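Here the structure comes first, spelled out in structure tokens, and everything after it is commentary.
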Amino acid sequence: GIFLAGAILMVLSLAVLCGWWADIGLLKSVIDGFPEMKPAGAGGFFLVGLAFVFSSYSHRTKRFRWLSIVSGGIIAAGGAAVLLAYVFQISIPIDAALIPNLGPGSTHSRVSPVSAVNFIFLGVSLILAKWRDLGHLSGVLTTFVVAAAYTSLLGHLYGANTFYGFSGINGMPLHTAFLFIAAGVALLGENREFPLVELLASDSLGGASARRLVPVVIILPTLIGWLRLTGEDRGVYDTGFGSAAAILVQMCLLLMVGLIFSARVHRSDMNRRQAEAELADKEMRYRELFD
């Protein structure tokens, strides 16, 4: 649950901080040449993990509930401070507090603007999640975090720099995107009143179909697009053939998946109709016997 997600976030963020302290590039950027997770970003994920751990114990005592809310406020405030530093071109203490050999005025010592927005939304979501009436808004903000992180992940996968960063500004690192997705999914999993989560967790036919359909819709186009780009880069085929082949494969796969789910719904509907007909027949026989 959310406790396990919090523990993982804390361990991985500490690993990144150790990478900065020991100058281990693998821990800072995962892949050589990719953007590095800044120590301030690792500190933010540590606070998110800590807030998750507090939240997992919030049902036992109000102290953990308020600790989770305070942690969310600190996370949101830190993200807002970074955004203000970008907008007004000012230096803030957290810019270079944990980064060696970088001056406080360097923009490369800060987390990316997209990461800052995600931290704001995660912090606010942690606060709103403690009130049932505001659970829907918390779910919307968390969904945005997951969507923004997945967009950055696509940028790394396809080599599209503008998807995870902008010219002159450091982009969202690869492992930062994964951690945002993990944190967002864990927080959504705790928000059972959010319509999307309610549907996915439902034991109805619609819920079962959604749980199988959502991963297919997300993973298949991503994988097909990556295979197409890899083939073009290696000269196996040109852009026109790659585009046509990718569209054709996606159409066939999505059509096959759609037909499989349609067949399941059809079979379930036919079983329901048969059960209703048998029930109506039994009711008619009972009435005849009673008469």
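Filter region 199-245 down to the residues that are among the small types (Gly, Ala, Ser) and in contact with a Leu (Cβ under 7 Å, 6 or more places away or on another chain), then identify the one that is surrounded by the most Cβ atoms within 10 Å (Cβ to Cβ). Can you show your working first?
Pass one, region 199-245, residues among the small types (Gly, Ala, Ser): 201-202, 204, 206-210, 225, 231, 235, 240, 242-245.
Of the ones still in play, those that are also in contact with a Leu (Cβ under 7 Å, 6 or more places away or on another chain) are 206-207, 210.
Working: Gly206: 12, Gly207: 14, Ala210: 17.
Per the stated criteria, the residue is Ala210.
Search region 246-282 for residues being polar (S, T, N, Q) and surrounded by 11 or more Cβ atoms within 10 Å (Cβ to Cβ), and hand back the single one that is farthest from Ser209 (Cα to Cα). Can you show your working first?
So the first thing to find is which residues in region 246-282 are polar (S, T, N, Q), and the list is 250, 262, 268, 271, 274.
Those left that are additionally surrounded by 11 or more Cβ atoms within 10 Å (Cβ to Cβ): 250, 262, 268.
Numbers: Gln250: 19, Ser262: 10, Ser268: 12 Å.
Here the answer is Gln250.
Which condition does Val236 not pass, out of (1) over 19 Å from Tyr150 (Cα atoms); (2) in a helix (DSSP H, G or I), if it passes all the others?
(2)
Where residues in region 193-211 are among the hydroxyl-bearing types (Ser, Thr, Tyr) and part of a loop (DSSP other than H, G, I, E, B), which of them is farthest from Ser138 (Cα to Cα)?
Initially, region 193-211 is screened for residues among the hydroxyl-bearing types (Ser, Thr, Tyr), giving 202, 204, 209.
Those left that are additionally part of a loop (DSSP other than H, G, I, E, B): 202, 204.
Numbers: Ser202: 20, Ser204: 25 Å.
The selected residue is Ser204.
Every number here is computed from the coordinates shown, using simple stated rules; none is lab data. Quick caveat: nothing in here was measured; it's all calculated off a predicted structure. For neighbour counting, all protein chains shown are included, and Cβ atoms are generated from backbone atoms with ideal geometry for every residue, glycine included.
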